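Okay, so here's the structure we're looking at.
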Amino acid sequence: MGSKTPFKKAHRVVKQWLLTKSGRTREEYERDISRYMRHCADNDVNPLKAKPDVAATFLSTLRDEYGLAPRTRLRAYNVISAFYGYAVRWEYSRKNPVLDVEKPKITNEPEFGMSMDEAVRFLKEAFYTSERLYALVVTLFLLGLRISELLNAAIEDIGTAQGQRVLWVLRKGRDEKIAMALPDFAFAALVVYIGERRTGPIFITRSGKRLSRQGAHDTIVRLARRAGVPGIHPHLIRATTTGLLLELEQALHKVQELLDHRDPRTTIGYNKARKRLSNSPSFALEAALVEAS
């Protein structure tokens, strides 16, 4: 595309649309629409004149390159469609190309994270990559946090309660921060990374700004590829924490509380899926075939 003007107009329309949202909704919408805008730019397509194939290839990219789950891709689908709905209503765009694209299908099967061996390999790769990355992923692993919950935390949120090191976290949908136990591995990693800083966000960019969810997501995806466990993204670190705790036979209610699963059926679903795989009758048949051979 010879001119940047169409892209400037599209970005202006996106900004206007986002101003109609607020709070966390705006943050989540901005992440998805920003990814889509970059996809259009990479393919030299004016977003306001995009055809359905552009939206379709974007959703495929979220699945194949980012490794995002169907539910997350469906959210991106709905966000992009909502943007085009706004653009069409205000005559910035003639049609909503997303309407001709098949929606990602949601299944009830929980997402599986890493095995213990894969998790160790993943953490080792993070350790040798950077202090920031190691502090980020080891804290996500041990506390079972959502990426936004950790990135929103400040240095001042690291403290003690009842003689225990804690991280005060504002969990999704909550009004007040809660104290979460901070194991030694995570505390030490955070101390090394934070260094001489005393205030402000825990995780920052080189310019000193708070690390964004998109930046953290992309860094973790690249880390997973280097560690030989492609397809891992922040939410699958939470799934890994859930799965490994259940393998260690931690009580379901304790795992539910740590992971902040509002519905116990979510935790139970992970446990059932894990047992269905490990206790598959296929193994009994295999053993019988070996014995009969």
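Numbers for the structure displayed
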| read-out | value |
| --- | --- |
| Residue tally, condition surrounded by fewer than 18 Cβ atoms within 10 Å (Cβ to Cβ) and not in a helix (DSSP H, G or I), over region 218-228 | 1 |
| Tally, over region 111-132, of residues that are closer than 22 Å to Leu258 by Cα, open to solvent by less than 30 Å² (accessible area, probe 1.4 Å) and out of contact with any Ser or Thr (no Cβ under 6 Å at 6 or more places or on another chain) | 1 |
| Single residue of region 184-213 satisfying the filter (outside any loop (DSSP other than H, G, I, E, B) and of a type in the set (Phe, Trp, Tyr)) that is most open to solvent (accessible area, probe 1.4 Å) | Phe185 |
| Filtered residue count, region 126-166, keeping only those that are at pLDDT below 95 and in a loop (DSSP other than H, G, I, E, B) | 6 |
| Helices (runs of 4 or more DSSP H) within region 241-293 that include 3 or more residues among the charged types (D, E, K, R) | 264-278 |
| Hey, Val169 under 19 Å from the mean Cα position of the chain (by Cα) and either more than 19 Å from Phe127 (Cβ to Cβ) or not polar (S, T, N, Q) (or both) or not | yes |
| Residue in region 167-179 that is in contact with a strand residue (DSSP E or B) (Cβ under 8 Å, 6 or more places away or on another chain) and part of a helix (DSSP H, G or I) present | no |
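Here is a yes/no grid of residues against (1) of a type in the set (Val, Ile, Thr); (2) touching a residue at least 12 places away in the same chain (Cβ under 8 Å); (3) open to solvent by 80 Å² or more (accessible area, probe 1.4 Å):
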residue: Leu182; (1), (2), (3): no, yes, no
residue: Pro230; (1), (2), (3): no, yes, yes
residue: Ala273; (1), (2), (3): no, yes, no
residue: Leu285; (1), (2), (3): no, no, yes
residue: Leu289; (1), (2), (3): no, no, yes
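A quick yes/no check of all residues on (1) part of a helix (DSSP H, G or I); (2) among the basic types (Lys, Arg); (3) open to solvent by less than 20 Å² (accessible area, probe 1.4 Å); (4) without any contact (Cβ under 8 Å) to a residue 60 or more places away in the chain:
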| position | (1), (2), (3), (4) |
| --- | --- |
| Arg75 | yes, yes, no, yes |
| Asn78 | yes, no, no, yes |
| Phe83 | yes, no, yes, no |
| Val88 | yes, no, no, yes |
| Glu91 | no, no, no, yes |
| Arg94 | no, yes, no, yes |
| Glu102 | no, no, no, yes |
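The values are calculated or read from the model by the stated rules, or taken from the named source; none is laboratory data. If you're wondering where the values come from, they're calculated on a predicted model, not measured in any experiment. Counting neighbours? That spans all protein chains shown, and the Cβs are built from the backbone with ideal geometry, glycine included. These accessible areas exclude ligands, DNA and RNA; they are computed on the full protein's heavy atoms, side chains included. Shrake-Rupley method; radii C 1.70, N 1.55, O 1.52, S 1.80 Å.
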